[in-house]
Amino acid sequence: MKYLSLLTVLPVVAWAQNTAGLQAKVTALEAATRSAQSAGDNAWMLTSAALVLMMTGPGLALFYGGLVRRKNVLATMMQSFILMALVTVVWAVVGYSLAFGEGTPFVGGLRYALLNGVGSAPNPDYAATIPHQTFMIYQLMFAIITPALITGAFAERMKFSAMLLFMVLWMLIVYLPMAHMVWGKGGFLNAALGGRIPCFDFAGGTVVHITSGVSALVTALYLGKRLGYPHEDMKPHNLVISFIGACLLWVGWFGFNAGSALAASSLATSAFVATHFGAAAAALGWVVAEWRRSGKPSVLGAISGCVAGLVAITPASGFVKPFPALLIGFLAGILCYFMVAKVKQKLGYDDSLDAFGVHGCGGTLGALLTGVFATAAVNQGFKGPLGLVDGHPGQIWNQAIGCAIAWVLAIVGTLIVLKICDALIGLRVTASQETEGLDVSLHGEEGYILEA
Amino acid sequence: MKKIEAIIQPFKLDEVKEALAGIGVDGMTISEVRGHGRQKGHKEVYRGREYTVDLLPKLKIEVVVGDARCDELVKTLTAAARTGKIGDGKIFVYEVAEAIRIRNDDRGDAAL
């Protein structure tokens, strides 16, 4: 009997030893899997961050630089470039914290000020598989391009010094609060992290494009028209560099939208596809509208349409299927063409490079249509039906509230910022500086020295 | 001596140069100019804003020859530069008081 019981106990002991070994193996495997996923995600997110920086310089700098007159090409490119430097410093000191630190529903707190606590450990609230620092630098690239988009509205007439102050204040008053509301933990409009009104904005339709586009309009109206507008010749001086810029924007936008999945996931692929489809359909939409109305399909029309489509698909990119993406893009191409070619002419404001017509209008259209076409079939990160196509028409209302908040914040915030800059520095260059061109009068250089 | 100044369509330059070389004229000065005569300009549209461009790019050819060769040169040049459409340009003929070759002080026909 004694031996018999021993015989039954022996396998149990062996089994127990085996499971302990197995457990250790499983733990090691889990750690290896996590590390592999983290490596994959981090590789994609660092690539995306670089792509988004490329959108500002050289993408936007070339796109805008080609659209101004020859005497202002350097000044226009400098506005984009200096923001790559200026916003980075603001971001490091308080910007990241005010956007992504926990605080009130409307603006973040100071827990990450001076990048305190932003290191290699992931922040699971935002992105559990990449270093917190990767998330921080990726979001910085968005904070850089957003104010750079506004420069299109005041091109060829704003003081450089006033622009620097304008941009620092604008970050603090408009961009950082809006980014916190939509993307920050506990933000008022955050759909994923406990917002009061869940507004879907995958990559920045409200945060980036509505804020910049509407602020652009306000700035253009406040500054007044360029000398000689609209009777003087103000043709784009070099559409070839604008073309290169637009193509760089198209490619960089994959980092902007697909990167907003914050992982090298199937959601990133879906956003990549939607982004590409939106750009393609919008280029066609703008060209068709222009061809019918003015008789010729222009290169500037095609590249402007592509940018309009990229803008409109931005908030929707992580929520919609490929065919709705085509539709959103196509509609954005047509709408933005009419805003720029018809409505602007009628109203007579001088938004030099159409920052409002493309980003303000395209961004609003995209944010609203996200409420129509968002579907849980694409984005599994949320409970229940997402947009109208999922049987949740109320989402369109949520999107509209998000847009309205972005519009009001942009209008009021920008006016305050303009008043301050106007009082402290003065916004416009003198008439003689404007006539001479900002390249020579503000920077002491020329873009093209043909006899050199 | 005569100076022949011809404003021509830019794309006609090669034909004109060959024709002039064919009759032994081997010196000329060419500049890119803009202007218009009866030819209407064209319309350009940038994001819905229309611009009328009435000064069109042309080439100006200047050749100085001895009096005896003037008619032949004008005939050759006209034939080579003509398309028959509005915008072909014009030829002006001037008297030249003196020609001097800077290298060696040759004067008159010898300097050409």
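The values are calculated or read from the model by the stated rules, or taken from the named source; none is laboratory data. Note that this is a predicted model, so its numbers are computed, not measured. Here Cβ is always computed from backbone atoms with ideal geometry, including for glycine, and neighbour counts include all displayed protein chains.
The conditions of being away from chain B (no Cβ under 14 Å), buried (at least 17 other Cβ atoms within 10 Å of the Cβ) and part of a helix (DSSP H, G or I) are met by A:Ala282.
Might you let me know whether segment B:77-89 holds any residue that is of a type in the set (Val, Ile, Thr) and at pLDDT below 90? Looking for residues that are of a type in the set (Val, Ile, Thr) and at pLDDT below 90, one finds at least one in segment B:77-89, hence yes. Against the definition (at pLDDT below 95 and farther than 17 Å from A:Ile145 by Cβ), how does A:Gly278 come out, yes or no? Taking the combined requirement at face value, the residue does not satisfy it.
Would it be correct to say that A:Ala316 is more than 14 Å from chain B (Cβ to nearest Cβ), in contact (Cβ under 8 Å) with a residue 24 or more places away in the chain, assigned to a helix (DSSP H, G or I) and surrounded by 19 or more Cβ atoms within 10 Å (Cβ to Cβ)? Against the criterion (more than 14 Å from chain B (Cβ to nearest Cβ), in contact (Cβ under 8 Å) with a residue 24 or more places away in the chain, assigned to a helix (DSSP H, G or I) and surrounded by 19 or more Cβ atoms within 10 Å (Cβ to Cβ)), A:Ala316 does not qualify. Scanning segment B:55-103 for residues that are assigned to a loop (DSSP other than H, G, I, E, B) and more than 23 Å from B:Lys40 (Cβ to Cβ), we see that the one that is farthest from the chain's Cα centre (by Cα) is B:Arg103.
Of the residues making up segment B:54-89, those that are loosely packed, with under 15 Cβ neighbours inside 10 Å and either of a type in the set (A, V, I, L, M) or within 14 Å of chain A (Cβ to nearest Cβ) (or both) number 5. Filter segment A:223-250 down to the residues that are away from every other protein chain (no Cβ under 14 Å) and surrounded by 15 or more Cβ atoms within 10 Å (Cβ to Cβ) and list them by number. A:Leu223, A:Ile241, A:Ile244, A:Gly245, A:Cys247, A:Leu248, A:Leu249, A:Trp250, listed by residue number.
Note on segment A:404-434: among residues that are among the polar types (S, T, N, Q) and either more than 27 Å from A:Val68 (Cβ to Cβ) or surrounded by 13 or more Cβ atoms within 10 Å (Cβ to Cβ) (or both), the one that is nearest to the chain's Cα centre (by Cα) is A:Thr414.
Evaluating A:Thr146 against the criteria (1) touching a residue at least 24 places away in the same chain (Cβ under 8 Å); (2) out of contact with any Phe, Trp or Tyr (no Cβ under 6 Å at 6 or more places or on another chain); (3) not aliphatic (A, V, I, L, M) leaves one unmet condition, (2). Apart from one condition, B:Tyr46 fits all of (1) within 30 Å of A:Val340 (Cβ to Cβ); (2) more than 14 Å from every other protein chain (Cβ to nearest Cβ); (3) touching a Pro at 6+ places or on another chain (Cβ under 7 Å); the exception is (2).
Pairs linking a residue in segment A:328-354 that is within 11 Å of another protein chain (Cβ to nearest Cβ) to a residue that is among the polar types (S, T, N, Q) and surrounded by fewer than 22 Cβ atoms within 10 Å (Cβ to Cβ), with Cβ atoms under 8 Å and 6 or more positions apart or on different chains, are A:Ala341/A:Ser294. Filter segment A:285-302 for residues that are within 11 Å of chain B (Cβ to nearest Cβ), surrounded by fewer than 24 Cβ atoms within 10 Å (Cβ to Cβ) and under 12 Å from A:Cys336 (Cα atoms) and give the result. Correct list: A:Ala289 only. Of all the listed residues (A:Thr129, A:Thr146), the sole one being over 25 Å from A:Cys421 (Cβ atoms) and among the β-branched types (Val, Ile, Thr) is A:Thr129. So, in segment A:208-222, of the ones that are out of contact with any Phe, Trp or Tyr (no Cβ under 7 Å at 6 or more places or on another chain) and farther than 17 Å from A:Leu60 by Cβ, which residue ends up farthest from the other protein chains (Cβ to nearest Cβ)? Looking at residues that are out of contact with any Phe, Trp or Tyr (no Cβ under 7 Å at 6 or more places or on another chain) and farther than 17 Å from A:Leu60 by Cβ, I get A:Tyr222. Pairing residues of segment A:368-380 that are closer than 15 Å to A:Pro198 by Cβ and free of Cβ contacts under 8 Å to residues at least 40 places away in the same chain with residues that are surrounded by 23 or more Cβ atoms within 10 Å (Cβ to Cβ) and of a type in the set (A, V, I, L, M), at Cβ distances under 6 Å and at least 6 apart in sequence or on separate chains, gives A:Ala376/A:Leu386.
Is there a residue being touching a residue at least 24 places away in the same chain (Cβ under 8 Å) and more than 20 Å from the chain's Cα centre (by Cα) anywhere in segment A:170-183?
Taking segment A:170-183 as the starting set, the residues that turn out to be touching a residue at least 24 places away in the same chain (Cβ under 8 Å) are A:170-183.
Narrowing further to those that are more than 20 Å from the chain's Cα centre (by Cα): none.
No, that holds for no residue.
Evaluate the following for B:Val16: is it within 14 Å of chain A (Cβ to nearest Cβ), of a type in the set (A, V, I, L, M, F, W, C) and either part of a strand (DSSP E or B) or in contact with a strand residue (DSSP E or B) (Cβ under 8 Å, 6 or more places away or on another chain) (or both)? Even if it seems obvious, please write down each step before you answer.
Numbers: within 14 Å of chain A (Cβ to nearest Cβ): no; of a type in the set (A, V, I, L, M, F, W, C): yes; either part of a strand (DSSP E or B) or in contact with a strand residue (DSSP E or B) (Cβ under 8 Å, 6 or more places away or on another chain) (or both): yes.
Judged against the criteria, B:Val16 is not a match.
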